[in-house]
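Derivation of every value follows stated rules applied to the coordinates shown; laboratory data play no part. Here the structure is a predicted model, which is why all the values come from computation and not from measurement. No Cβ is skipped: glycine too gets one built from the backbone with ideal geometry, and neighbour counts run over all protein chains shown.
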Amino acid sequence: MSVLAIDVGTTMIKSVVFDDQGNELAVSRLGTEVLRRPPGWAEQDMDTVWNTVVYTVRNALSDIDDPVWLVTFTAQGDGAWLIDREGRPTGPAILWSDGRAGDILTGWESEGLLEEAFRRNGSLTCSGMPNAVFSWLGSHDPQRLAGSAASLTAAGWLFLNLTGTVATDESDASAPFLDHATGDYDDTIVDLFGLAAHRRLLPRVLGEEERIAEITPQAAGQLGLPAGLPVVMAPYDIAATARGVGVVNPGQACTILGTTLCTEIVRKGIDTTGEPSGINIAYRGRERVLRAFPTFNGAEVLVWASKLLGLDGPPDLTRLAFDSVPGANGLSFLPYLSPAGERAPFLDPGARGTFWGLSLEHSNADVARAVLDGLSLVLRDSLVASRTNVTELRLCGGGANSDDWCQLIADVTGVPTARSVDTELGAKGAFLTGLVLSGAESSMHSAASHYVRMTSGWEPDPERADFYAARYGEFLNWRGLVREAGWTCGPAPLSLSRPTTRPTRTGELQGAVRA
């Protein structure tokens, strides 16, 4: 008997069939389009997403003789996937990476609302979260809000299509509204952002044991599956990926090298101290949370740099980068290229990218190396912001396929890195969750012990680790200067009497929220 696991990512949808030993029997992938018009927006057609799921499921099952006994899934988080009373979309899904509400965030920040909400539930609002989207729609498209009955996430949209149930889970509800003590919405946070009139749009939050239901006959027919199969809603993709790589116990950590560079650490309780930064995701009811720093800038930066250098894609860029040396012969890069700015480990909708120290002497390899170095320093930035002693960093996502980058991350962070045998870690996390909620496994710890297999590991090189420790301080200095100058204005002239150094952060995030 086999398990079908679906992973609805932002740019790729995957369906994976696992055997009873947790091995990948079949994988079907199909890319999806993110609609970016007008500039700064990020949307997807909701029906196209479902139709792509149908295609990948049928394709994955086409050569599998072993019958499927369980369907489980994960999906991208945040955003607003608005539906009417009939369960139909009222427009395209507004995604987690959407930046249209940047000005609203700036206002909330100046009023102290972002910090106040963070102190309640440990999640710092970004422009792609429902509160920001609701507020923007209230000002610019109130008719859409009035015609909508519920705001789902991608996982909620999939659960609706599979089971007919309108709901969300605690992981998706965590940011920005969840009360971690009760597992339900915190109406104080809803009111804080002036959204009481839109409270009706928030779907029921399903507890740990409630996220299992039967597939509908209609969905079963579309997918080519037997009617009545159990369907499990796993945590959203970054949390499911952490499970898939075996990060389930307090103190364990991983980083996703994908569309987002997301560093995550398991904790026993939420962390609302220090500078507001990142999010706290309900991970196992009220027993565990995932302290996460999902950046806006990740794989798309590699795609951009590949095009800039005339390369076929990120694998070629990564190979080219290691023709250069640590530090890229003095060239540095701030990798904040998303039109939405950055959200972790600091929040600034205006954040933009910069090359620092570029000259005619630099080669394409130096440019590629500066990009890889810059993204790796962002991972160190997230680990510092977590204020947690991490002894191993498990790497996953497409970027983890590069041995050289895995070694670079160990050198930059000073933490040993490791990689899983599996390729589809989000789907693997959904698989593990499905086993636990269906009763086939007793706990996530048990499931991870039985089915997660790690392979290669990389230790930090002491000399390079010392080099990058100093480089990190310089990275913060450059970022501070460019940020003071307004990001797009370039580094400030020294004649303006701006400070030329910044203290290197050791215990908490510096400058996470602009005053």
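Bridges between two residues of the chain, per DSSP, are antiparallel at a rate of about 70%. The mean sequence separation of alpha-carbon pairs under 8 Å and at least six residues apart, normalised by the residue count of the chain, gives a relative contact order of 15 percent. Given +1 at the Cβ of Lys and Arg, -1 at the Cβ of Asp and Glu and no other charges, the dipole of region 86-146 around its Cα centre is 200 debye to the nearest 20. Taking a ≥ b ≥ c as the square roots of the Cα gyration tensor eigenvalues, with a/c under 1.5 meaning rounded and otherwise prolate when a/b beats b/c, else oblate, which class fits region 201-341? Note, shape of region 201-341 comes out oblate. For trypsin sites (Lys or Arg not before Pro), the sites in region 239-279 that DSSP calls loop and that have at most 13 other Cβ atoms within 10 Å are Lys268. Ellipticity at 222 nm from helices only: DSSP H runs of n ≥ 4 in the chain, each -39500 (n - 2.57), divided by the residue count, give -11000 deg cm²/dmol.
Hey, which aspartates and glutamates would be in cross-link range of Lys307, C-alpha to C-alpha under 16 Å, not counting anything within fewer than 8 residues on its own chain? The reachable aspartates and glutamates, counting only those whose Cα sits under 16 Å from Lys307, are Asp316, Asp366.
With a sphere of radius 14 Å drawn around the Cβ of Asp184, what net charge do the other residues whose Cβ falls strictly inside it have (Lys, Arg +1; Asp, Glu -1)? Walk me through the numbers before you get to the answer.
Numbers: positive: Arg120, Arg199, Arg204, Arg286; negative: Asp169, Glu170, Asp172, Asp179, Asp186, Asp187, Glu208, Glu210.
Around Asp184, the charge tally is -4.
The slack between Thr11 and Ser438, meaning 0.36 nm per residue of separation minus the straight C-alpha distance, is 150.8 nm. Treating only the Cβ of Lys, Arg, Asp and Glu as charged (+1, +1, -1, -1), what charge dipole size does region 2-238 show about its Cα centre? Round to the nearest 20 debye. Using only the charged Cβ atoms, the result is roughly 700 debye. For region 437-488, the ratio of Cα radius of gyration to the globular rule of thumb 2.2 N^0.38 Å stands at 2.19.
Label region 80-208 by shape, choosing from rounded, prolate and oblate, from the square roots a ≥ b ≥ c of the eigenvalues of the Cα gyration tensor; if a/c is under 1.5 it is rounded, and otherwise prolate applies when a/b is larger than b/c, oblate when it is not.
Verdict is oblate for region 80-208.
Can you check what the net charge comes to around Asp66, using other residues whose Cβ is under 10 Å from the Cβ of Asp66 (Lys, Arg +1; Asp, Glu -1)? With Lys, Arg at +1 and Asp, Glu at -1, the net is -3. Computed extension length for Ala196-Gln143: 17.4 nm, one decimal, from 0.36 nm per residue of separation with the Cα-Cα distance subtracted.
Using the Cβ atoms and a cut-off under 13 Å, what net charge is assigned to the surroundings of Leu358, where Lys and Arg are +1 and Asp and Glu are -1?
Values: positive: Arg369; negative: Glu361, Asp366.
Overall, the nearby charge balance is -1.
Candidate cross-link partners of Lys14 among the aspartates and glutamates, defined by an alpha-carbon separation under 15 Å and a same-chain spacing of 8 or more, comprise Glu24, Glu33, Asp237, Asp422, Glu424.
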